[in-house]
Amino acid sequence: MTPTPLPHALIIGSGVAGPVVAMALQRAGIASTVFERDAEPANLRGSWLNLQANGMDALQAIDAEAGVDALGFPVEAISFVNGGGRSLGRMPMAARRPDGRTSRMLPRADLYTALQNAAADRGTQVVHGKRFVDAQTLADGSVRALFADGTSAVGDLLIGCDGIHSRVRTVIDPQARTPRYVPVLNSGGYIPNFRVDVPAGEFRMQFGTRCFFGWAPTPDGGTVWFSNPPMATEPKRAELSAISDAQWRHRLHDLMDGDAGPAHDIIDAAPDEITAWPTYDLPKVDKWHNHRNMIIIGDAAHATAPSAGQGASMALEDAVVLAQCLRDCPDTTSAFVTFESLRRARVQKIVKHGNRSSNSKAAGPVGRVVRDLMLPVIFRQVAKGDGKSMMWLQGHHIDFGGTVIPAARR
Ligand SMILES: Cc1cc2nc3c(=O)[nH]c(=O)nc-3n(C[C@H](O)[C@H](O)[C@H](O)COP(=O)(O)OP(=O)(O)OC[C@H]3O[C@@H](n4cnc5c(N)ncnc54)[C@H](O)[C@@H]3O)c2cc1C
């Protein structure tokens, strides 16, 4: 008797969700191939991210945390000051989980590399230089992915992990919403041999008079920093790339003018060329799947503004939960519907949370007064409960061995 071939998934995008869904699917008995647009890892120089405990938990659920656990450094606490340098409070960066997991700051490029290496070590093929442009459903229900170079690939299902500007999203729903611009930019990086006066394991953030700024000491004697220069209207890509390093430094100095703290020294010491990225979120995508053979996860389905510090963790949770659903549900449609029923409320709540934090960064004069009065109260409450009020966010746990009950049977 010929054995039934394993189902095969086409995964579009090898960022955070892509390699992890490949590893999780492998555990669920589903083979996959990852197709990535970029010929080689994108230039993500200078960009660090905060991977929270729930994201690490998702990796641990499929025994894929080792490579990532070795990256960056843990962040235990977050402290806030206003423009004048007055303390607005200090609180745990993450809820205190029973397993002791906490947040880690790590270079984004290293995270991508670690996840890709982990997937490759488990036999996943990642094909670079494949920009997905379209998909067709074939007569037998399988799906053909079409790439910009004229090639194609056929699989039983297609999973869009292609990020916030997802093409898979518009193939599933040509009317799909486009990302919403959040009116701040992101800039930042790492400075070796540069010390800031902040205790180890703490991230200090400043609600500057005109710009949000953050810095944290790294265990090797350097500093990680970021800033969120406000920009009321969405800049064109060309507009941003036309701003030179010298102009950025001048602009950041100007925005932080009159504020207390090390921001000016940080701007001067930053060794790499300073650039900035626009910020987007994606509050509600109506269709995550086509009820048949195509689905989107991660930023393609629900991007949060970076201030939530949760985008990567959400993508990791999605990847593992989708594999569980495909493993335990009787067919792909049921798996997609069950996945959505398990994920939608949580991720939309997080997107809302991220948008609130971004707006407080760009407060006007009246908003600043209210904020400076309210935040100490809020931070004190969070600190008093040892971060328990954030447990819904960072305390999330996935038991990959547990069986998912299909939505129709619940
Ligand atoms: C400035 C900034 C700071 C952030 N800080 C944090 C943070 O502190 N903590 C946090 O958790 N999150 C943070 N995020 C968000 C986080 O980076 C994302 O949520 C996360 O990367 C989403 O993972 P993903 O796999 O869905 O998408 P991505 O990581 O964006 O991966 C998408 C992949 O798909 C590829 N791709 C795109 N289109 C195609 C196509 N047509 N065909 C083939 N491949 C394609 C891309 O090249 C990319 O490799 C931040 C984001 C930004 C912009």
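Some notes on this structure:
- Reported count of residues in the stretch 110-132, each being more than 11 Å from the ligand (Cβ to nearest atom) and under 21 Å from the mean Cα position of the chain (by Cα), is 6.
- Residue within the stretch 18-28 that is in a strand (DSSP E or B), crowded, with 20+ Cβ neighbours inside 10 Å and touching a residue at least 40 places away in the same chain (Cβ under 8 Å) present: no
- Any hit, the stretch 133-151, residues being of a type in the set (Phe, Trp, Tyr), within 15 Å of the ligand (Cβ to nearest atom) and under 30 Å from Pro192 (Cα atoms): no
- Taken over the stretch 270-297, the criterion of being among the polar types (S, T, N, Q) and either more than 29 Å from Arg249 (Cα to Cα) or near the ligand (Cβ under 10 Å from one of its atoms) (or both) is satisfied by Thr279, Asn290, Asn293.
- Checking Gly155 against (1) more than 20 Å from Leu51 (Cα to Cα); (2) away from the ligand (no atom under 16 Å from the Cβ); (3) surrounded by fewer than 22 Cβ atoms within 10 Å (Cβ to Cβ), the condition it does not meet: (2)
- Neighbours by Cβ (under 6 Å, 6+ apart or cross-chain): first from the stretch 152-180, closer than 15 Å to Ala9 by Cβ; second modelled with pLDDT under 95 and away from the ligand (no atom under 12 Å from the Cβ): Asp156/Pro7
- Identity of the residue in the stretch 185-202, within 10 Å of the ligand (Cβ to nearest atom) and either at negative phi or over 23 Å from the mean Cα position of the chain (by Cα) (or both), that ends up surrounded by the most Cβ atoms within 10 Å (Cβ to Cβ): Ser187
- In the stretch 93-108, residue surrounded by the fewest Cβ atoms within 10 Å (Cβ to Cβ) [restricted to those that are of a type outside the set (D, E, K, R) and touching a helix residue (DSSP H, G or I) at 6+ places or on another chain (Cβ under 7 Å)]: Thr102
- Evaluating Phe35 against the criteria (1) more than 18 Å from Gly163 (Cβ to Cβ); (2) at pLDDT 95 or above; (3) aromatic (Phe, Trp, Tyr) leaves one unmet condition, (1).
- The stretch 95-109, residues that are closer than 18 Å to Gln52 by Cβ and within 12 Å of the ligand (Cβ to nearest atom): Ser103, Arg104, Met105, Leu106, Pro107, Arg108
- In the stretch 61-77, of all residues being in a helix (DSSP H, G or I) and over 17 Å from the mean Cα position of the chain (by Cα), the one that is surrounded by the fewest Cβ atoms within 10 Å (Cβ to Cβ) corresponds to Ala66.
- Checking each residue of the stretch 240-259 against the condition of being surrounded by fewer than 19 Cβ atoms within 10 Å (Cβ to Cβ) and within 21 Å of the chain's Cα centre (by Cα) gives no match.
- Out of Ala319, Ala315, Ala300, Ala335, sole residue that is closer than 23 Å to Ala135 by Cα, in contact with a helix residue (DSSP H, G or I) (Cβ under 8 Å, 6 or more places away or on another chain), away from the ligand (no atom under 14 Å from the Cβ) and assigned to a helix (DSSP H, G or I): Ala335
The values are calculated or read from the model by the stated rules, or taken from the named source; none is laboratory data. Here the structure is a predicted model, which means the values were calculated and not measured. Please note: Cβ atoms are built from the backbone with ideal geometry, for glycine as well, and neighbour counts cover all protein chains shown.
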